[in-house]
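The next block holds one structure in the form of structure tokens; read it before the comments.
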Amino acid sequence: MILLEINIEIIIAIVTAVIAGVALIISLWSGSMARKALRISEKQYNDKLPDFDLYFIQGFRFLVKDRQSLKRLLLFQLTVMNKSDFRNTFSAQLELEYLRDDDSFAKILLDHKPEIASLIRQKEFSIFPSDIEIDAKTTTTKWLLFEQPNYISNAHRIEKYSMRIIDVSGNQKKSEVVLIQDLEE
């Protein structure tokens, strides 16, 4: 009888150990699946966040002889890539860093003005609108236009042009340009 009781106890212990082993394997598998699901969720979340890249292609200064004045237009061709899963809206600014008459440096911010495209005669440019909207996972290449203030003349040396693209979430990318070409009207 004692032998039979020992055998039943051993069988119960073996069955319990097998159940514990199966539970361990299931919990390890479940943890692995949870980690994979977390990685997928994080990637999906990051794809929905506003994200973009900015690439400068070329830049020009265009002199326009108006009736009584001379205007200097600054044209920059850029590629903007919206890497998000959602449409994003951007605004564009140009930061000019120039040398003043007293040999000190100054910076000014200029806003993109697509309405001045009419001043450029005989030139075909695809211009970004004021509010740049780019669809999800899309890349767009167009031109940005700025009017150089008259108080910055040829006597002032412009050291650097910095293009800023800012999205509606406040994220910004910057592309710096040192030299641009002059175009004749």
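Coordinate-derived values only; no laboratory data. What you see is a predicted model; the values in this text were computed from it and never measured. As a convention, Cβ positions derive from the backbone with ideal geometry for all residues, glycine included, and neighbour counts pool all protein chains shown.
For the stretch 53-68, state whether one or more residues are in a strand (DSSP E or B), touching a Leu at 6+ places or on another chain (Cβ under 9 Å) and among the hydroxyl-bearing types (Ser, Thr, Tyr).
Yes, the conditions are met somewhere in the stretch 53-68.
List the number of the failed condition for Asp53; all other conditions in (1) in contact with a strand residue (DSSP E or B) (Cβ under 7 Å, 6 or more places away or on another chain); (2) without any contact (Cβ under 8 Å) to a residue 12 or more places away in the chain hold.
The one condition Asp53 does not meet is (2).
Give me a count of the residues in the stretch 41-83 that are of a type in the set (Gly, Ala, Ser) and surrounded by 12 or more Cβ atoms within 10 Å (Cβ to Cβ). Break it down into steps so the answer makes sense when it comes.
Within the stretch 41-83, the first condition is being of a type in the set (Gly, Ala, Ser), and the residues that meet it are 41, 59, 69.
Now drop any that are not surrounded by 12 or more Cβ atoms within 10 Å (Cβ to Cβ), which leaves 59.
Number satisfying all stated conditions: 1.
Please give the number of the condition Phe86 fails out of (1) surrounded by 10 or more Cβ atoms within 10 Å (Cβ to Cβ); (2) under 30 Å from Lys160 (Cα atoms); (3) touching a residue at least 12 places away in the same chain (Cβ under 8 Å).
Here Phe86 clears every test but (2).
Suppose we filter the stretch 89-121 for residues that are over 30 Å from Gln44 (Cβ atoms), in contact (Cβ under 8 Å) with a residue 12 or more places away in the chain and of a type in the set (S, T, N, Q); how many remain?
1
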